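The values are calculated or read from the model by the stated rules, or taken from the named source; none is laboratory data. Everything quoted here is computed from the prediction, not taken from an experiment. Cβ sites come from the backbone with ideal geometry, for glycine too, and all protein chains shown count toward neighbours.
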Amino acid sequence: MTEDQKLIKFQQRIDADEKIEPKDWMPEGYHKTLFRQISQHAHSEIIGMQPEANWVLRAPSLRAKKILLAKIQDEAGHGLYLYSAAETLGLDRSEMIDMLHKGKAKYSSIFNYPVLTWADIGAVGWLVDGAAIVNQTMLAKCSYGPYARAMLRICKEEGFHQRQGYEIMAKMMNGTEAQKEMAQDAMNRWWEPSLMMFGPHDTDSPNSKDSMQWKIKVESNDRLRQRFIDRTVEQAHHIGLKVPDANLKYNKETLHWETSDINWEEFKNVVNGNGPCNHQRLSHHIKCHNEGQWVREAALAFEAKQMSNPATIK
Amino acid sequence: MEINNNQFPQWEVFIQTKSGSPFEHAGSVHAADKKMALQNARDTYTRRNEGRSLWVVPTDCIVATTRDEEEEFFDPSLDKTYRKPNFYKMPKGTNNL
Ligand SMILES: [Fe+2]
Ligand SMILES: [Fe+2]
């Protein structure tokens, strides 16, 4: 078969909603886009643990601490599911981590914002995990089998993440004036960054066309963002939070909430490494990785010792 | 900057969700040895009681067919309709067969 014939056959499989599996032939662009997207997604889950881990020791109750720990452990799991899916494309996890450390791979910009108060932990769970759920539910229909399967697994776990965040916000909105203010302040700072999580407008998103044609994405950025806005605005109002947007209004014809345009300058700035926490997040990851060196060496030495003494192998 | 980036060998994870059900592939983990592979698989894939039994298999040991050879490889199973019960005509009035 010629390359062109292979490409036609590949597209036919996609159009017929068949899943592509690791050893199948795929166009270079498909492989490249998928690898970039899945590894970036994996890094995001791992980096995303940092701001939350920072609050474990300051959680206001034992209940809150247990919940936060369980959420962080889930995020580690999500990172591992995704590294595992990315590895089916032929690169090793160590190479991906190397790319992250060298700045050749990115992670979601949302984690470059600081988590300043306990209400921020609520806002992150509700808004950031909420936005992630909208995106990941779509990705569970992706044409690449290992990615779609990882997404299904992740979606099942995200429900609790979002609900525990909303519960924190609802509790604070039911509390003292100071607590209400703290919740509103967190809302004010996290609202716009969470809208940015869906990426640029469809018209400014050069890779979107290929991704849609190959069903790596099955819905556009703007459509997903609108779905998130419609759900979230109502949840905010339900507990008395104001959406920090003077232009917010409900359109009775389209049945959608309309918002101001996003500050794309800030978006670009954070993507390009100039957000408030970019440096901190990456240097912390590198530090932890390097500090784990002796553990990796010890584990391998132990395995070598076991192998040299067959009596101990179970 | 990078020192010892070794991520350990890769293992494929199979989970049995309940007694009697088949082991299904869940994903993979990295681990230095068998015991660590089982523990990592438990922590990664069964945090919510998704399994009652686990298999881990070194990824190198998995041999797989590809989509390209699908037709040719599975072709022999297409033309043997006599492997199915309704290939056979039973005399009228035969019961429980
Ligand atoms: Fe996650
Ligand atoms: Fe999450």
Looking at (1) touching a residue at least 60 places away in the same chain (Cβ under 8 Å); (2) within 16 Å of ligand 2 (Cβ to nearest atom); (3) surrounded by fewer than 23 Cβ atoms within 10 Å (Cβ to Cβ), find the lone condition where residue A:194 falls short. (3)
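Restricting the search to the range A:83-100, which residues are within 16 Å of ligand 1 (Cβ to nearest atom) and within 16 Å of residue B:41 (Cβ to Cβ)?
A:83, A:84, A:85
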Residues of the range A:47-59 being within 12 Å of ligand 2 (Cβ to nearest atom) and surrounded by fewer than 23 Cβ atoms within 10 Å (Cβ to Cβ), in sequence order, are A:49, A:52
Select from the range A:41-70 the residues that are more than 15 Å from ligand 1 (Cβ to nearest atom) and over 24 Å from residue B:49 (Cα atoms) and list them in ascending order. A:54, A:55, A:56, A:57, A:58, A:59, A:60, A:61
Are any of the residues in the range A:121-143 away from ligand 2 (no atom under 16 Å from the Cβ), at pLDDT 95 or above, polar (S, T, N, Q) and under 30 Å from residue A:243 (Cα atoms)? no
Odd one out for residue A:73 among (1) within 15 Å of ligand 1 (Cβ to nearest atom); (2) crowded, with 17+ Cβ neighbours inside 10 Å; (3) free of Cβ contacts under 8 Å to residues at least 60 places away in the same chain: (2)
One residue is enough: does the range A:280-298 have a residue meeting the conditions in a loop (DSSP other than H, G, I, E, B) and of a type in the set (A, V, I, L, M, F, W, C)? no
The condition of being within 24 Å of residue A:212 (Cα to Cα) and outside any helix (DSSP H, G or I) holds, among A:82, A:89, only for A:89
Every residue in the range B:36-86 that is within 12 Å of chain A (Cβ to nearest Cβ), in contact with a helix residue (DSSP H, G or I) (Cβ under 6 Å, 6 or more places away or on another chain) and surrounded by 16 or more Cβ atoms within 10 Å (Cβ to Cβ), please. B:44
